[in-house]
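To start, the structure under review is shown below, and the notes come after it.
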Amino acid sequence: MKILVLGTGGIGGFFGGFLQESGADVTFLVRAKRKELLLKNKLEIFSPLGDLSLTPNLILSNELKPIYDVILVSCKTYDLDQAMHDLKGIKGKGIIIPFLNGFTHMKRLDKEFGSENVIGGVAHISSTINNHGAIEHFSEFKKITFGDRNKNRNNDLLTFYNTCKKAKFDVALSEDITADLWRKWVFISTVAGATTLFNCPLGEISIHEVGKKTLSDLYNECRSIAKFNGFTISDLETKNVLKNIMTPGSLIKASMLRDIEKKAPTEHEEIFGDLIAEAEKFDFDCPILKSCYLRMKIYKDSLK
């Protein structure tokens, strides 16, 4: 099985790197500048799973051919148009598994590559690219989940799942990937919302009772929006999620906060804005989520 990974960032580089380490046939689609850096410094990953330093197989967009069975897309949503342009050379073969937040990216990929070729995917990981271009992995989260949105059997997807099982990260073949996408959207909206609103890791928020209540109320706002859209997150699951994100001393902060620290663009429109739009369809008010969105709108204005 031939696997193409778009980019070598905190998601693509991490999972693609450990796939290559496990013996999988992996190629990374990169830009010329990134290729030059990787050829010089290799692909480096610093992780509780064990550090990696490997020479990746690299390709530029003008060299692409439709020879790949699986294409992993893990760019930021605001870079998706460029990513789709770069991937034009793979049209005609392979399934695309995007690991982006929200749902709007699915519609855009469906239109460009055909819905029958686009698989739902969710990544659970806390990682970033440091100033030297290496990937830093934080916490125990290291899982990808994927599945056919129509719940059909796909032999390439099953083969890819078995390939992933040989790697050091966790993997799941979902029976209801749309529900999993909603779970991730609710989760990331809570974690990104809280850590950006208060500009600190989860542990510094949950040390205060009012912080715990704010996290709980924000999560419940978001899961209510999911419920209005037909996807219920149970009270038991909610209890377990809140317990995890309120872990004492947790240093976890969303990648959105890391983007703020780098004064980089963020995905607040796709994560907060689109979720608020879903709430407004049902006249549901979500004041904490709107506060998180406003905080990010103000941040975006500061970049001008």
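The values are calculated or read from the model by the stated rules, or taken from the named source; none is laboratory data. In this text the structure is predicted, and so the values were computed from the model without any measurement. All Cβ positions, even for glycine, are placed from backbone atoms using ideal geometry, and neighbour counts span all protein chains on display.
For every residue, the table says whether it meets (1) in contact with a Leu (Cβ under 8 Å, 6 or more places away or on another chain); (2) under 23 Å from residue 122 (Cβ atoms); (3) aliphatic (A, V, I, L, M).
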residue	(1), (2), (3)
209	no, no, no
223	no, yes, no
250	yes, yes, no
254	no, yes, yes
280	no, no, no
303	no, no, yes
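Only one entry in 12, 17 is assigned by TED's automatic domain parsing to the domain that holds residue 83, under 11 Å from residue 73 (Cα atoms) and touching a residue at least 12 places away in the same chain (Cβ under 8 Å), namely 12. Looking only at strands (runs of 3 or more DSSP E) that fall completely inside the stretch 62-178, which ones have 1 or more residues that are of a type in the set (Asp, Glu), more than 15 Å from the chain's Cα centre (by Cα) and not assigned by TED's automatic domain parsing to the domain that holds residue 189? Ranges flagged: 135-147. Checking residue 8 against (1) crowded, with 19+ Cβ neighbours inside 10 Å; (2) modelled with pLDDT of 95 or more; (3) among the polar types (S, T, N, Q): exactly one of these is not met. Which one? Failing condition for residue 8: (2). Which one of these does residue 217 not meet: (1) modelled with pLDDT under 95; (2) in the same structural domain as residue 278 (by TED's automatic domain parsing)? In the conditions (1) modelled with pLDDT under 95; (2) in the same structural domain as residue 278 (by TED's automatic domain parsing), residue 217 misses (1) alone. Is one or more of the residues making up the stretch 32-49 assigned by TED's automatic domain parsing to the domain that holds residue 141, modelled with pLDDT of 95 or more and part of a loop (DSSP other than H, G, I, E, B)? No.
If you go through the stretch 248-271 and keep only what is under 29 Å from residue 298 (Cα atoms), in contact (Cβ under 8 Å) with a residue 12 or more places away in the chain and not in a helix (DSSP H, G or I), you end up with 249, 250, 251, 252, 253, 254, 263, 265, 266, 267.
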